[in-house]
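Chemist: Next up is a structure, given as structure tokens.
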Amino acid sequence: MLVPVAFFAVFFAWPVAAIVTRGLKADGVWRFGRIADVLGQSDIRHVLWFTTWQALASTALTLLAALPAAYVFARLDFPGKQVLRAVVTVPFVLPTVVVGTAFLALVGRGGLLDELWGVRLDTTVWAILLAHVFFNYAVVVRTVGGLWAQLDPRQEEAARMLGASPAAAWRKVTLPALAPAVAAAALMVFLFTFTSFGVVQILGGPTFSTLEVEIYRQTSEIFDLSTAAVLTIVQFAAVGAVLAVHAWTVRRRESALRLVDPSVTARRPRGAGQWALLGGVLATIAVLLVLPLAVLVRRSLDGGFGYYRALGDADGGTFLVAPIESVVNSLEYAVAATAIAVVIGGLAAAALARRDAGRLVRGFDALLMLPLGVSAVTVGFGFLIALDKPPLDLRQSWILVPLAQALVGVPFVVRTMLPVLRAVDERLREAAAVLGAAPWRVWREVDLPMVRRALLIAAGFAFAVSLGEFGATVFIARPDNPTLPVAVARLLSRPGDLNYGQAMALSTILMVVCAVALLVLERLRTDRTGEF
Amino acid sequence: MLLALDAATVRFGGRPVLDAVDLDVAEQELVCVLGPSGSGKSTLLRAVAGLQPLDSGRVLLDGHDQARVPVHRRGVGLMFQDHQLFPQRDVGGNVAFGLRMRGEGKAQQAERVAELLELVGLPDAARRAVAGLSGGEQQRVALARALAPRPRLLMLDEPLGQLDRSLRERLVVELRELFGRLGTTVLAVTHDQGEAFALADRVVVMRDGRIAQSGTPLDVWQRPADEFVARFLGFDNVVPATVEGTVAVTPWGKVPVPEGSGQGPRTLLVRPAGVRLVAADAGLPCTVAARTFQGTHVTVHLQPQDGPRLAAACALREAPETGDAVGVEFDAAETVVLD
């Protein structure tokens with residue numbers, strides 16, 4: 001428990017506190033008046049308003065698109081379901097930069113829609129909303145569908161026997177059981193879209209800006225640290241509130257539901273209605289999820305493998321090194337970040353899973369989720385400010401990037417490991433102890449074999465998330481050692497077809513690496529492996 | 001004494017779950033603790049195993065206080081209620097677990113595993129996955145696993161709880177034979193009186209964390225210590241009575257009792273076999289309220305004009321129909337004055 005707490009104190013709380021302090025303190029005096037000043041500016045209020053309504057709209061659209069899919073995956077049985085489940089999850093682990101790039105290729109200048117019908121959406125809010133739906137589709141399908149598949153259909157049958165119509169049985173029995181899961185999924189989507197950075201940065205253009213993008217702009221372009229600090233605090237408060245509600249719904253969800261093996265609740269579609277639903281869901285997945293990625297790949301292949309070959313050249317001045325080297329950088333960083341995240345997250349999950357864990361420890365559970373929502377830009381910039389003097393001068397160290405990426409990976413590790421660790425029956429441990437196993441031996445013989453898979457899955461998620469981390473890395477990755485997402489963003493920021501094509505090519509490589517990591521994970525997945 | 005509990009007390013949130021329990025188990029004795037759920041019997045086993053620390057009192061094994069001995073060094077075996085087989089190990093791996101913890105060689109392990117699986121009637125099952133076992137098979141594997149390290153005391157928590165009736169009856173006989181042959185000292189807990197009586201040398205009835213009665217199955221069956229024990233054993237004909245000599249005055253009228261019974265205000269038990277049905281105009285007039293078929297006999301539920309219902313055991317052919325009017329007489333040999 002001490003190790004994760006220390007980790008978060010040094011590499012999360014301190015940098016964030018350092019940057020907030022720097023922004024709000026002048027000549028040793030706190031200037032809280034800045035908060036009111038900043039919030040009074042009309043352009044800032046506009047950013048706040050846009051951030052909120054686009055997050056709400058994205059959440060609503062995602063629920064609308066993904067809830068039917070949750071039903072289809074939970075209750076219907078059809079060939080290729082396993083593969084499709086993996087396909088649906090791919091976007092979630094894709095780096096935001098890739099998602100942004102893919103939608104740019106679909107709806108942007110010279111994109112597919114532009115070619116076919118002359119429609120361009122990249123300057124409208126629709127591109128952002130669609131990208132958000134694309135990105136978060138899996139969150140809803142997995143969270144809601146996962147529970148739906150485990151709800152005992154006999155509960156509905158019991159209601160039918162008591163005289164309820166099919167619709168009434170669904171409304172009175174299934175819906176109340178699902179509601180907390182739907183709420184939890186909606187909150188997660190809201191959280192992700194509220195703090196969206198990469199997608200908005202690429203698709204938003206000059207007109208649309210979320211809080212996170214504004215923090216980045218204030219910090220790195222205008223150098224107005226006090227405004228950035230205020231915005232960080234605002235985002236922190238909003239995220240804290242959302243997480244508190246989320247923790248509450250999770251607790252509600254864990255309350256006594258009769259769960260059954262998901263494999264017994266699904267059956268072949270019957271009747272025109274179910275076939276139509278299945279068809280509709282498949283079509284949605286094809287258009288919404290597969291098409292943007294396909295377009296991305298196709299654009300990267302315009303003119304053969306030219307763009308890929310160009311990645312190997314160090315000319316052009318975009319980088320000090322050839323873009324392709326960012327692949328190696330990214331992989332190295334991601335491996336290091338995964339190792340850190342698994343150790344820290346594993347220790348935290350083990351501490352949280354203890355039955356005698358007190359209120360204090362449980363509170364830490366919610367705190368661990370904070371890095372998901374706190375401005376990654378702030379964390380990245382905070383690293384530069386806080387970790388630049390002895391005893392911790394890491395500014396020149398390569399470890400800075402993996403440390404920042406691990407921060408984002410830890411919540412995934414904890415969320416994946418915790419349910420599995422909590423599900424290990426205490427009496428199995430007791431059985432081992434009675435048979436003569438000392439405490440550490442009990443852990444090795446009982447816990448470890450059961451969590452090994454979850455550990456691998458957690459590592460995979462941490463890997464994919466580290467690979468795609470953008471907000472913090474963009475600050476701290478050194479110019480001669482860019483990661484993949486940073487390289488993509490830099491290529492996109494420069495004019496010319498060659499840069500654009502190279503961005504597409506690099507994104508495709510990133511997508512393939514993430515997708516492969518995910519498909520390996522799908523093979524390992526067990527029934528009870530957390531929320532993601 | 002192999003096991004001795006000395007005023008063992010466990011409280012959950014101030015409420016005593018074990019309340020100053022004294023219990024001795026001798027070498028090779030087969031003791032069965034019997035009680036309704038919540039009577040503290042599982043806590044008793046957990047306290048002996050070291051899984052539940054005592055709030056006061058002592059647990060002694062071979063005369064040594066176990067307060068500072070951790071679970072894994074106590075050398076007792078515990079078979080859990082729902083077996084708790086390790087799901088990721090096969091049958092052989094489960095049975096060998098305790099041997100491995102003691103650091104025994106591979107060869108000895110394999111030999112002992114084969115020996116035990118043979119003993120519990122599952123030869124050649126060593127490579128099977130535990131998920132594929134039936135309830136009865138899991139039960140046997142759990143037993144083999146608990147026996148493998150040769151514990152000085154074997155504890156069984158509801159050993160046959162979840163099995164169906166015919167399997168349960170067969171296994172009780174098998175277990176008793178097996179423990180007799182091996183000379184194992186056994187402390188079992190159950191809520192099923194049939195199981196306890198069939199299995200044990202000595203039955204200990206628990207109520208609210210205290211021992212209500214302790215004795216041989218025959219003792220306990222013939223002379224329940226109090227109303228609670230009598231009712232828990234399934235006797236319903238229990239009424240307050242005033243005893244004078246060999247006659248008890250009850251809501252059912254005067255009932256003869258054996259000589260030497262306690263005198264004055266008491267509680268009276270009439271076993272169903274002691275309720276004799278006679279002609280409607282003789283004895284205590286009753287109406288037949290219901291009859292339940294019990295296999296070897298019929299239990300007839302009788303409603304007297306005054307007083308609580310009576311249960312009578314009746315031969316199949318002689319059982320009256322529901323609604324019939326009958327008379328009742330009592331047999332002194334089948335009545336017991338309690339307290």
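Chemist: Test A:V434 against the criterion of being more than 11 Å from every other protein chain (Cβ to nearest Cβ) and either more than 22 Å from B:R89 (Cβ to Cβ) or in contact with a strand residue (DSSP E or B) (Cβ under 9 Å, 6 or more places away or on another chain) (or both), and give yes or no.
Modeler: When the stated conditions are applied, A:V434 does not pass them.
Chemist: Report, by residue number, each residue of the stretch B:30-47 that is crowded, with 18+ Cβ neighbours inside 10 Å and in a loop (DSSP other than H, G, I, E, B).
Modeler: B:G35, B:S39, B:G40, listed by residue number.
Chemist: Could I ask something else about it? Please find, within the stretch B:57-90, the residue that is farthest from the other protein chains (Cβ to nearest Cβ) out of those that are closer than 19 Å to B:R150 by Cβ and without any contact (Cβ under 8 Å) to a residue 60 or more places away in the chain.
Modeler: In this case the residue turns out to be B:H64.
Chemist: Hey, among the residues in the stretch A:443-467 that are over 23 Å from A:L518 (Cα atoms) and buried (at least 20 other Cβ atoms within 10 Å of the Cβ), which one's farthest from the chain's Cα centre (by Cα)?
Modeler: Step by step, filter the stretch A:443-467, then rank; the result is A:E445.
Chemist: Separate question: A:V424 is checked against (1) buried (at least 24 other Cβ atoms within 10 Å of the Cβ); (2) within 14 Å of chain B (Cβ to nearest Cβ); (3) touching a residue at least 12 places away in the same chain (Cβ under 8 Å) and fails just one. What number does that condition carry?
Modeler: It is condition (1) that A:V424 fails.
Chemist: Looking at the stretch A:397-421, which of the residues that are part of a helix (DSSP H, G or I), away from every other protein chain (no Cβ under 14 Å) and β-branched (V, I, T) is nearest to A:F7 (Cα to Cα)?
Modeler: Filtering the stretch A:397-421 for residues part of a helix (DSSP H, G or I) gives A:400-421.
If we keep only those that are away from every other protein chain (no Cβ under 14 Å) too, we end up with A:400-419, A:421.
Going one step further and asking which of them are β-branched (V, I, T), we end up with A:401, A:408, A:410, A:413-414, A:416.
Working: A:V401: 15, A:V408: 13, A:V410: 11, A:V413: 15, A:V414: 14, A:T416: 19 Å.
Only one residue tops the list, namely A:V410.
Chemist: Now for a different question. A:L456 - would you say it is farther than 22 Å from A:L296 by Cβ and touching a helix residue (DSSP H, G or I) at 6+ places or on another chain (Cβ under 9 Å)?
Modeler: When the stated conditions are applied, A:L456 passes them.
Chemist: What is the residue count in the stretch B:91-105 for residues that are away from chain A (no Cβ under 14 Å) and at pLDDT below 90?
Modeler: Here the count works out to 1.
So that you can scan it fast, the table gives a plain yes or no per residue for (1) more than 17 Å from the chain's Cα centre (by Cα); (2) within 30 Å of A:I202 (Cβ to Cβ); (3) modelled with pLDDT of 75 or more:
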| site | (1), (2), (3) |
| --- | --- |
| A:E469 | no, yes, yes |
| A:R478 | yes, yes, no |
| A:R490 | yes, yes, yes |
| A:R525 | yes, no, no |
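Chemist: If you scan the stretch A:198-247, which residues turn out to be under 20 Å from A:H132 (Cβ atoms), touching a Leu at 6+ places or on another chain (Cβ under 9 Å) and modelled with pLDDT of 75 or more?
Modeler: Within the stretch A:198-247, A:I202, A:L203, A:L211, A:E212, A:E214, A:I215, A:Q235, A:A238, A:V239, A:V242, A:L243, A:V245 qualify.
Chemist: Every residue in the stretch B:119-140 that is of a type in the set (D, E, K, R) and either loosely packed, with under 11 Cβ neighbours inside 10 Å or closer than 9 Å to B:D90 by Cβ (or both), please.
Modeler: B:D124, B:R127, B:R128
Chemist: I would also like to ask the following. Look at the stretch B:162-200 and say how many of its residues are small (G, A, S), within 25 Å of B:G75 (Cα to Cα) and out of contact with any strand residue (DSSP E or B) (no Cβ under 7 Å at 6 or more places or on another chain). Spell out the reasoning first.
Modeler: Initially, the stretch B:162-200 is screened for residues small (G, A, S), giving B:166, B:180, B:183, B:188, B:194, B:196, B:198, B:200.
Going one step further and asking which of them are within 25 Å of B:G75 (Cα to Cα), we end up with B:180, B:183, B:188, B:196, B:200.
Restricting the remaining residues to those that are out of contact with any strand residue (DSSP E or B) (no Cβ under 7 Å at 6 or more places or on another chain) gives B:180, B:183.
Counting residues in the stretch B:162-200 that are small (G, A, S), within 25 Å of B:G75 (Cα to Cα) and out of contact with any strand residue (DSSP E or B) (no Cβ under 7 Å at 6 or more places or on another chain) gives 2.
Chemist: Within the stretch B:236-258, which residues are small (G, A, S) and surrounded by fewer than 17 Cβ atoms within 10 Å (Cβ to Cβ)? Working first, answer last.
Modeler: Start the filter on the stretch B:236-258 by keeping residues that are small (G, A, S), which leaves B:241, B:245, B:248, B:253.
Across the stretch B:236-258, the qualifying residues are B:G245, B:G253.
Chemist: OK, next. Tell me which helices (runs of 4 or more DSSP H) are completely within the stretch A:80-121 and hold 2 or more residues being under 15 Å from A:H132 (Cβ atoms) and at pLDDT below 75, or say none if there are none. Write out each step before concluding.
Modeler: Working: elements: A:81-93, A:96-107, A:112-117.
Output list is empty.
Chemist: Here is a follow-up. Exactly one condition in (1) more than 30 Å from B:L182 (Cβ to Cβ); (2) at pLDDT 90 or above is false for B:G13; which is it?
Modeler: (2)
Chemist: Go through B:R128, B:R112, B:R152, B:R145 for me and flag whichever is of a type outside the set (A, V, I, L, M), modelled with pLDDT of 90 or more and touching a Phe, Trp or Tyr at 6+ places or on another chain (Cβ under 9 Å). Talk me through it step by step, then tell me what you get.
Modeler: Working: B:R128 fails: touching a Phe, Trp or Tyr at 6+ places or on another chain (Cβ under 9 Å); B:R112 fails: touching a Phe, Trp or Tyr at 6+ places or on another chain (Cβ under 9 Å); B:R152 fails: touching a Phe, Trp or Tyr at 6+ places or on another chain (Cβ under 9 Å).
The conditions single out B:R145.
Chemist: On the basis of being aliphatic (A, V, I, L, M) and crowded, with 19+ Cβ neighbours inside 10 Å, does B:A114 make the cut?
Modeler: no
Chemist: Looking at the stretch B:160-189, which of its residues are at pLDDT 85 or above and crowded, with 23+ Cβ neighbours inside 10 Å?
Modeler: Within the stretch B:160-189, B:L175, B:V186, B:L187, B:A188, B:V189 meet the criteria.
Chemist: Does the stretch B:141-156 contain at least one residue that is more than 11 Å from chain A (Cβ to nearest Cβ), within 26 Å of B:V10 (Cβ to Cβ), in contact (Cβ under 8 Å) with a residue 24 or more places away in the chain and of a type in the set (D, E, K, R)?
Modeler: yes
Chemist: Here's another thing I want to ask about it. Let me confirm something: among B:V141, B:V130, which residue is closer than 19 Å to B:V186 by Cα and among the β-branched types (V, I, T)?
Modeler: B:V141
Chemist: Still on this structure, please answer the following. Going by the conditions given, is B:G50 crowded, with 19+ Cβ neighbours inside 10 Å, at positive phi and within 14 Å of another protein chain (Cβ to nearest Cβ)? First the steps, then the outcome.
Modeler: Numbers: crowded, with 19+ Cβ neighbours inside 10 Å: yes; at positive phi: yes; within 14 Å of another protein chain (Cβ to nearest Cβ): yes.
The answer is yes for B:G50.
Chemist: While we're on this one: From A:E221, A:E212, grab the single residue that is among the acidic types (D, E) and in contact (Cβ under 8 Å) with a residue 24 or more places away in the chain.
Modeler: So the residue among A:E221, A:E212 that is among the acidic types (D, E) and in contact (Cβ under 8 Å) with a residue 24 or more places away in the chain is A:E212.
Chemist: One residue is enough: does the stretch B:124-135 have a residue meeting the conditions more than 20 Å from A:D447 (Cα to Cα) and within 13 Å of chain A (Cβ to nearest Cβ)?
Modeler: no
Chemist: Any residue at all in the stretch A:441-462 that is in contact with an Asp or Glu (Cβ under 8 Å, 6 or more places away or on another chain) and either in a helix (DSSP H, G or I) or facing chain B (nearest Cβ under 10 Å) (or both)?
Modeler: no
Chemist: Take B:A312 and decide whether it is modelled with pLDDT of 90 or more and either basic (K, R) or surrounded by 14 or more Cβ atoms within 10 Å (Cβ to Cβ) (or both).
Modeler: Yes; evaluated as a whole, the condition is true for this residue.
The values are calculated or read from the model by the stated rules, or taken from the named source; none is laboratory data. All figures in this text were calculated on a predicted structure; none of them were measured in a lab. Every residue, glycine as well, gets a Cβ built from its backbone with ideal geometry; the counts of neighbours run over all protein chains shown.
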